[in-house]
Amino acid sequence: MSAQTQTSAPGEQFDVNDPEATRFDILREGARRDDIEIVHYEPQYAPGSKAERRLVRVVVGLFLLTGLAATAFLAIYIWWPWEYSLSQGGDRFYTPLLGVTLGVALLALGFGILTWGKKLLPKEVSIQDRHEGVYSEEDRRITGETMLYMADELGVRRRPLLGISLLAGLAPVAAVAAAPIVGGLIKDPHKSGQLTTTGFAPADGELIRLIREDGRPLRPADISAGGQITVFPGVSHGVSNQYANSPTLLIHLREEDAIKSREANDQVGHNDYMWGNYVAFSKICTHAGCPASLYEQQTNRLLCPCHQSQFLITDNAKPIFGPASRRLPQLPITVDSEGFFVAKSDFTEIVGPDFWERP
Amino acid sequence: MTSDNDRRGGLLARLRRGRSAAPSRGRRRLGAAVRLIAALTLAGGAYTLFAPGVQAQENPPLTGAAAEGKALFDVSCVTCHGRNAQGVEDRGPSLIGVGAASVDFQVSSGRMPMARQEAQAGRKPPVFTDEQTRQLAQYVQELGGGPVVPEGDLSRGADLAVGGELYRINCSQCHAFSGGGGALSSGKYAPSLMPASDRQIYAAMLSGPQNMPVFGDNQLSPQEKADIIAYIQQSLQNTQDPGGFNLGRYGPSTEGVAIFLVGIVALVFAALWIAGKS
Amino acid sequence: MKRRKLDVAAVPGKAARELDDRFQAATPLRKLLNKVFPDHWSFLLGEIALFSFVILLLTGVFLTFFYEPGMTEVIYNGSYAPLRGTPMTAAYASTLDISFDVRGGLIMRQMHHWAALLFMASIIVHMMRVFFTGAFRKPRETNWIIGSLLFWVGFLAGFTGYSLPDDGLSGTGLRIASAIMLSIPVVGTWVTSSVFDGDFPGTIIMSRFFIAHVLLIPGLLVALISVHLGLVFKQKHTQWPGPGRTNNNVVGERMFPRYAIKQGGFFMVVFGVVAMMGGLFQINPLWYFGPYEAWVVSAASQPDFYVMFLDGSTRLMPAWELHIPIGDGYVIPPLFWPTVVLPGILVALSLLYPFLEARQTKDYRSHNLLQRPRDVPARSGLGAMALTFYIILTLSGANDVIADKFHISLNAMTWIGRAGLLLLPPLAYYLTYRICLGLQQHDREVLAHGVETGIIRRLPDGRFEEVHQPLSMGQDGHGELDYAGWVVPKKMNRLGALGPAIRGFFYPIEKPAEAPVSPGHPPVEPRPDREKIGSGDTRP
């Protein structure tokens, strides 16, 4: 800001074309026209002072640092080995180095700009009027009457049929806009039976085998007591997300746990759901559909890691803690003539999270 | 097998196509079978040699290493596991039939001997040397047989991708995707896999310590175990995180802490400076 | 004829004149340049959200060049060895490619994710600032509503983006989302099968989330943010009370040049912090998670922090299942209450709060001056209560990690969360209320008796008392001052209206400022017809 020789006398009409007026005078006049009063405006450091020169050096240094860091970023981006390998190579520093150089470049730029604006520009306090309630009641009335007049001109009140017919005409148009979206998206959930059946439902009278994740069918000898394995329906694409409700946990219980489990089974009428000491429960939590599969082989609890529902395997997988309210459905299993596990039938309860019309 | 192939949904086939460098599944399975039979023969042989002795007399004849192991046992373990490892009620279970694998895991990871009775024995610096651990294991093995961890490189010829697939289906639910472990019900927990050695991982799968389910050789073949061990050691235990500091790999919870403690705090300080009067 | 010489110095002026001839922009432009903004650090919190949104747009565009929203199965054959040969969806494979096979792709992905977290975190912090200072009061209720909506729209943007990689962790989240939709009474199954086009997960959800994440939701965000900023501009920013500040003026800096420069600099700082975090802190290492498979899960499965409060409420919810014995019988599962009803209540409460408070206090005037939190104990207490509620839910969303790392029983954590959710918010209300009253009382005391000087005087009768420096001169030096709604000086060296006389950010610099300033600069004085500078709310 250039030094100023004369301030305009308060209250006087300011002449913008006054040759005496400085640029600051004009600026302040402009501000006044916008109801801004600059009440305090002074440089923080005397021009040419030691402090000012030091600040300029700081800002210059920051800007140069930005350039340096940005150049380093480019150099690293181009020449640093970046292709990932599992060994302890230099490539693991690629992303951190990019981050540091980019970060330094941007931070130095930011702080350079900020120091410039904060320290080298004059300090200022300005006061602006808010102009609230400046529009008078009169103005409001004029606008209101204008709008009402326009409504009268349209004559909706005198010729009500116009409005009604317009609404009647527009309503279907709105529906036309909505129809393709709703109609295209909507899908009957009950049609495919996806909610009630899983891949274990016998197909063409043939019982479905329990297979492992690599497709091999499973024999009782494949799991030791105290072991568990995730099994899938032995159908085409059984081990895929197409059968997201089918994954099942097959558990080989220890003798004493198996006895308890059988007793519990008998109580709910699942007399023949187990085969030997083997028991199979749906892996899909009845609460929110996560795979409940943290099997504790000593306590026989099954924990779901999403919301900590706990199921007691030896008591028909009854929920004993957490937000789940329904036990895990049990899959009735047996062993076929070739010695592989098969599902006797589909699950007899609904698998997966609950819903309104669950039978 | 052909009908099974049809039922596989193509997953295995694709997995196999990916592992061109690794030996074919068939050959590996053969190798696994051979190793299994060898292990069984050894264990069975040991059993037939010593089992009658167990029944016949109070102090069965022990091999040299096992005798050393018994001496160690009688000093450090007998309080809880009782004379001849038959267990003491409410203190320690019987060790007859748990096998050398279990001893290997519990002693080499420092879980045994326990410092005090608690819900779950935690990892500590081991009390016994490798040699002593082997002697103890040999003793328990000769008492009642059980699974044994094979010698040699336990992740030989492993396929990382298959190991990862098996890890995610069998292990990650408790030990977490990144191997950091996790909570189980009522104060129990699945430990972090970061400090686990290949023998310890193998032994844990074989013996199912504490609440961990058993993954016997019938369920996960030695080759599959090798795949899992390779995945844990080369991928999860590898500290080479390509994206910088890994925040403990605790997932979104530490990321959320970081955005407030680092991001918001740094920017609030910046804002304080920007709007400051000085 | 003499060639006319081109006067370089006159070119800008001439060009400006030509432009104004056509657009008549001079006056509106001057009005735009002449706009006063108050200056306080807490007014910059909203800017963090704005700037991180810009960073999100920039990095997000980069990511769309490489991301493929497909759910067709491919065999991964990229650089990351532990997944090579694994079947996965195209979405997950392309995300792995961004992380490992696109040069600089990983830092872009990480910056995008950190910027998303920063966006949500700064919205929360900004919202707290607005709430505790009463900036939402008339005439700014609309902007409060828009701001609240921005949180929820940002929440949706975050969730859809988090799901796009189709990895094991986000897929689990998506499955929970589908269960939440299923839990809605009557229409749940229809909603779910319509969103997923049939079975979960189906084959189209990634495409739908993609278009929502890159077009629909950002479009909505841009629209809402524009209105939000436009209203701040139109209604002018609130300000703290203080010398010269009234309900009818704005005291601060003009927008240009200093205020705008500060904003530009702050943008660069925010960008720099995001770049640093994107490079130095690994976020969402989805190569460990594997492709989403319905049977794969990890211990400590959590959503990003801004969704964690819903996860927490779900974990704390008791297993209350509602049976409706009509016809075949219907069910409202326990999942419905904490994930659909609770957010609904939270949205309604936050949207309605300005009106509820106005109704309660019967205060229907316009307010442009902020209130210190201590001056409105009831509101501050409610805010502390809401914040406590939110924090307990968020911590409960990570209660398994806390249980594991601090060796607490998982079941105990759930019970602590349940008890804490009921007991701690009222306690927070009470404590905040009492603290506010205490602070108020201290302010009044200083105003009445003066600042503690630390000088102890012994009275003739042997008693000791501390000498107070009165703030005003009454008859006996104990004239009482009115509270003006702003900081009361409580230390001797803070006397004076302009804040601390000592400089320094972390520790005081006792050196006097260099050389008297303002040589030859205009001594600006106010126009005499302006109102006198007073203090406090002098609205008629």
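The values are calculated or read from the model by the stated rules, or taken from the named source; none is laboratory data. Please read all numbers here as calculations on a predicted model, not as lab measurements. Every residue, glycine as well, gets a Cβ built from its backbone with ideal geometry; the counts of neighbours run over all protein chains shown.
The table below lists the values:
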{"read-out": "A:G227 being in contact with a His (Cβ under 6 Å, 6 or more places away or on another chain) and either modelled with pLDDT under 90 or under 21 Å from B:C174 (Cα atoms) (or both)", "value": "yes"}
{"read-out": "Region A:182-206 residues that are under 23 Å from A:L250 (Cα atoms) and without any contact (Cβ under 8 Å) to a residue 40 or more places away in the chain, paired with ones that are β-branched (V, I, T) and surrounded by 10 or more Cβ atoms within 10 Å (Cβ to Cβ) (beta carbon under 8 Å, 6 or more apart)", "value": "A:A203/A:V235"}
{"read-out": "The one condition in (1) among the acidic types (D, E); (2) facing chain A (nearest Cβ under 7 Å); (3) under 23 Å from the mean Cα position of the chain (by Cα) that C:E253 fails to fulfil", "value": "(3)"}
{"read-out": "Hits in region C:232-250 (condition: surrounded by 16 or more Cβ atoms within 10 Å (Cβ to Cβ), at negative phi and under 24 Å from the mean Cα position of the chain (by Cα))", "value": "C:V232, C:Q235, C:H237, C:T238, C:Q239, C:W240, C:P241, C:V250"}
{"read-out": "Selection within region A:296-325 - part of a loop (DSSP other than H, G, I, E, B) and buried (at least 23 other Cβ atoms within 10 Å of the Cβ)", "value": "A:Q297, A:C304, A:P305, A:C306, A:H307, A:Q308, A:S309, A:A317, A:G322, A:P323, A:A324"}
{"read-out": "Some residue of region C:5-27 being within 13 Å of another protein chain (Cβ to nearest Cβ), touching a residue at least 40 places away in the same chain (Cβ under 8 Å), under 29 Å from A:I127 (Cα atoms) and more than 21 Å from the chain's Cα centre (by Cα)", "value": "no"}
{"read-out": "Verdict on B:N211 being without any contact (Cβ under 8 Å) to a residue 12 or more places away in the chain, touching a Lys or Arg at 6+ places or on another chain (Cβ under 9 Å), more than 7 Å from chain C (Cβ to nearest Cβ) and of a type outside the set (G, A, S)", "value": "no"}
{"read-out": "Subset of region A:231-248 that is surrounded by 20 or more Cβ atoms within 10 Å (Cβ to Cβ) and at the interface with another protein chain (Cβ under 7 Å from one of its Cβ atoms) - its residue that is farthest from A:L302 (Cα to Cα)", "value": "A:V235"}
{"read-out": "A:E37 vs. criteria surrounded by fewer than 16 Cβ atoms within 10 Å (Cβ to Cβ) and at the interface with another protein chain (Cβ under 7 Å from one of its Cβ atoms)", "value": "no"}
{"read-out": "Answer from C:I98, C:I107 - the residue that is over 23 Å from C:L215 (Cβ atoms), of a type in the set (V, I, T) and in a helix (DSSP H, G or I)", "value": "C:I107"}
{"read-out": "Members of region C:243-280 that are among the aromatic types (F, W, Y) and more than 30 Å from C:G104 (Cα to Cα)", "value": "C:F256, C:Y259"}
{"read-out": "Helices (runs of 4 or more DSSP H) wholly inside region A:9-127 containing at least 1 residues that are farther than 30 Å from B:A270 by Cα", "value": "A:23-33, A:50-79"}
{"read-out": "Every residue from region C:280-325 that is in contact (Cβ under 8 Å) with a residue 12 or more places away in the chain, under 28 Å from A:R92 (Cβ atoms) and of a type in the set (F, W, Y)", "value": "C:F281, C:W287, C:F289, C:Y292, C:F305"}
{"read-out": "Matching option when the condition is at pLDDT 90 or above, of a type in the set (S, T, Y) and closer than 30 Å to C:K236 by Cα, among C:S396, C:S298, C:S380, C:S313", "value": "C:S380"}
{"read-out": "Pair list, Cβ under 6 Å, 6 or more apart: region C:356-377 residue within 19 Å of C:L231 (Cβ to Cβ) and modelled with pLDDT of 90 or more, other residue exposed (fewer than 12 other Cβ atoms within 10 Å of the Cβ) and not hydrophobic (A, V, I, L, M, F, W, C)", "value": "C:A358/C:Y364"}
{"read-out": "Residue, nearest to B:Q240 (Cα to Cα), within region A:81-90, restricted to residues that are at the interface with chain C (Cβ under 10 Å from one of its Cβ atoms) and surrounded by 12 or more Cβ atoms within 10 Å (Cβ to Cβ)", "value": "A:L86"}
{"read-out": "Residue check, C:I184 in a helix (DSSP H, G or I) and either facing chain A (nearest Cβ under 9 Å) or at pLDDT 90 or above (or both)", "value": "no"}
{"read-out": "Selection status of C:D363, within 30 Å of the chain's Cα centre (by Cα), more than 8 Å from chain A (Cβ to nearest Cβ), buried (at least 24 other Cβ atoms within 10 Å of the Cβ) and of a type in the set (D, E, K, R)", "value": "no"}
{"read-out": "Filter result (acidic (D, E), in a loop (DSSP other than H, G, I, E, B) and either crowded, with 17+ Cβ neighbours inside 10 Å or at the interface with chain B (Cβ under 9 Å from one of its Cβ atoms) (or both)) within region A:195-227", "value": "A:E213, A:D214"}
{"read-out": "Region C:243-257 residues that are in a helix (DSSP H, G or I), paired with ones that are modelled with pLDDT under 85 (beta carbon under 8 Å, 6 or more apart)", "value": "C:M255/C:L32; C:M255/C:L33; C:M255/C:N34; C:F256/C:L33"}
{"read-out": "Yes/no for C:P165 being of a type outside the set (D, E, K, R), more than 19 Å from C:R109 (Cα to Cα) and assigned to a loop (DSSP other than H, G, I, E, B)", "value": "no"}
{"read-out": "Test: B:Q223 is within 8 Å of chain C (Cβ to nearest Cβ), over 13 Å from the mean Cα position of the chain (by Cα) and touching a residue at least 24 places away in the same chain (Cβ under 8 Å)", "value": "no"}
